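The values are calculated or read from the model by the stated rules, or taken from the named source; none is laboratory data. The structure displayed is predicted, hence computed values, not measured ones. All Cβ positions, even for glycine, are placed from backbone atoms using ideal geometry, and neighbour counts span all protein chains on display. Note: areas computed on protein heavy atoms with side chains; ligands, DNA, RNA excluded. Shrake-Rupley method; radii C 1.70, N 1.55, O 1.52, S 1.80 Å.
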Amino acid sequence: MAESTPQRGNFLSTNSRRDFLKHSAVAGSALAAMSIPSYVHAAGADETLKVGLVGCGGRGTQAAEQALRADKNTKLVALGDAFKDRAEYAREELLAKKAIKDQVDVPDDRLFSDFGNYKQVIDSCDVVLLATPPHFRPEHFRYAVEQGKHAFVEKPVAVDAPGVRHMMESCQMAEAKNLTVVSGLCWRYAPPVRAIMDKILNDGLIGDVVAVESNYNAGGLWHRGDQPDWSRMEYQMRNWLYHTWLSGDHIAEQAIHSLDKCAWLLGDIQPTSAMALGGRQQRVEPKFGNIYDHFSVTYDFPTGQRVYFTCRQQDGCTQKVDEWVLGTKGRASILNGHYIVDNDGKEIWRYEGPSPNMWQQEHIELFQALRDGKTINNGDYMCNSTMLAVMGRMAGYTGQTLDWDTCLSDSERLGPTEYAWGDFEESPVAIPGRTKLKGKEAVAATS
């Protein structure tokens, strides 16, 4: 099952790596100037590994708990968040867990806040968990790699093409330093999904994959309201899901899980083009920022395969999260039953093994690799899948059929260039047919 496990990503073909270096002006100089120490080592069963968390929301706090449960000789030594109250809350939550409370050692002087908190956390630990709003992921991960720290990196890894290119470069730097990088694309660590992928990709149980129907149709998520003393920057960051510069829109922040499984099914290759539609039907109030509540995207691949993808976050609607894979010899349901049927509809395989917690499994494998002196680097596929989501959003926002190179080379960086607790005016809601690719002309002029 080696080809369907997440231990080594390989989404970038030789040509893709060459194209990436062309699009990133600093890649060659950064890699050439970097010294390449060997950081990987067998930590040994008795060596305490220091863990730090950057981004103390619900997912980050959960990831910290899972990291501590994965390895009894880990200790959480630092917490960081833009908001001090969130870091304090995470500490309280973790100390309340009887199974791990003795592994939590975060005094007030290692509880960091404001925009620079990530540097202080990373400087304090051996392994950092990156779980802030995804806008900040490229900057935070780069610093972790520069400091020689292993990382758990939540999805998505960027919100725009410049961020993806930056992450791709950082992942190459991490590979050169033998640093472990585990992605938060958790289905790659789920035994039932690994097993059915093995049957499809390695055993050929459905023949050649022809097309994939993928859905991440869910309900609405949380909103933290507003307070009169919050600046607009604070308001947006506390409600980051609804602001494209922070989340990448829900096609990236949530539905990337489904796009990642599609990419896995097709060998983590890049599509040639994407055509999409999307908009706001239910979440139209100003409090929902500038993101959409639904997308439908068709991805065409150079192999002739297609992915038909939908996602939505609307309450009161049918919810469905699954991939239905069509092959020349049969069909497969990746999540709902983990089963395969032949062309006559007869079931020929169904997963019947264990189903451990996939979020926990990510951390078990991360820390086991460190103990064994091995390296995991999920960088290739986590960048590729993030770009798939960004591409779908770009096609949906503009209403145009877009090719991969145009999207990957786009120069528009979402969000402010400097961070401060003041007022920040975000972009208006995109209108298909009117919204343009702002970075296209700038790239063309310099290429």
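Considering every residue within the range 250-268, establish whether at least one is within 19 Å of the chain's Cα centre (by Cα) and open to solvent by 30 Å² or more (accessible area, probe 1.4 Å). Yes, that holds for at least one residue. For the range 1-111, the helices (runs of 4 or more DSSP H) that sit wholly inside it and include 2 or more residues that are at pLDDT below 95 are 14-23, 27-33. Residue 106 meets all of the listed conditions (1) open to solvent by 50 Å² or more (accessible area, probe 1.4 Å); (2) touching a Lys or Arg at 6+ places or on another chain (Cβ under 8 Å) but one, namely (1). The range 315-411 holds helices (runs of 4 or more DSSP H) entirely within its bounds, and those carrying 1 or more residues that are open to solvent by 50 Å² or more (accessible area, probe 1.4 Å) and either over 17 Å from residue 198 (Cα atoms) or touching a strand residue (DSSP E or B) at 6+ places or on another chain (Cβ under 6 Å) (or both) map to 358-372, 404-408.
Quick one: would you say residue 221 is surrounded by fewer than 24 Cβ atoms within 10 Å (Cβ to Cβ), in contact with a Lys or Arg (Cβ under 9 Å, 6 or more places away or on another chain), at negative phi and touching a residue at least 60 places away in the same chain (Cβ under 8 Å)? Give the derivation first.
Numbers: surrounded by fewer than 24 Cβ atoms within 10 Å (Cβ to Cβ): yes; in contact with a Lys or Arg (Cβ under 9 Å, 6 or more places away or on another chain): no; at negative phi: yes; touching a residue at least 60 places away in the same chain (Cβ under 8 Å): yes.
No.
Can you go through 299, 292 and tell me which one is buried (at least 16 other Cβ atoms within 10 Å of the Cβ), modelled with pLDDT of 95 or more, in a loop (DSSP other than H, G, I, E, B) and touching a strand residue (DSSP E or B) at 6+ places or on another chain (Cβ under 8 Å)?
Details: 299 fails: in a loop (DSSP other than H, G, I, E, B).
Just one listed residue meets the conditions, 292.
Within the range 412-423, if we keep just the residues that are over 23 Å from the mean Cα position of the chain (by Cα) and open to solvent by 50 Å² or more (accessible area, probe 1.4 Å), the residue that is nearest to residue 292 (Cα to Cα) turns out to be 423. Any residue at all in the range 156-172 that's crowded, with 24+ Cβ neighbours inside 10 Å, among the hydroxyl-bearing types (Ser, Thr, Tyr) and farther than 12 Å from residue 379 by Cα? Checked the range 156-172: no residue is crowded, with 24+ Cβ neighbours inside 10 Å, among the hydroxyl-bearing types (Ser, Thr, Tyr) and farther than 12 Å from residue 379 by Cα. Looking at the range 169-258, the helices (runs of 4 or more DSSP H) lying wholly inside it that each contain 3 or more residues that are within 30 Å of residue 423 (Cβ to Cβ) sit at 232-238, 244-247, 250-253. Checked against (1) assigned to a strand (DSSP E or B); (2) more than 25 Å from residue 368 (Cβ to Cβ); (3) of a type outside the set (D, E, K, R), residue 152 passes all but condition (2).
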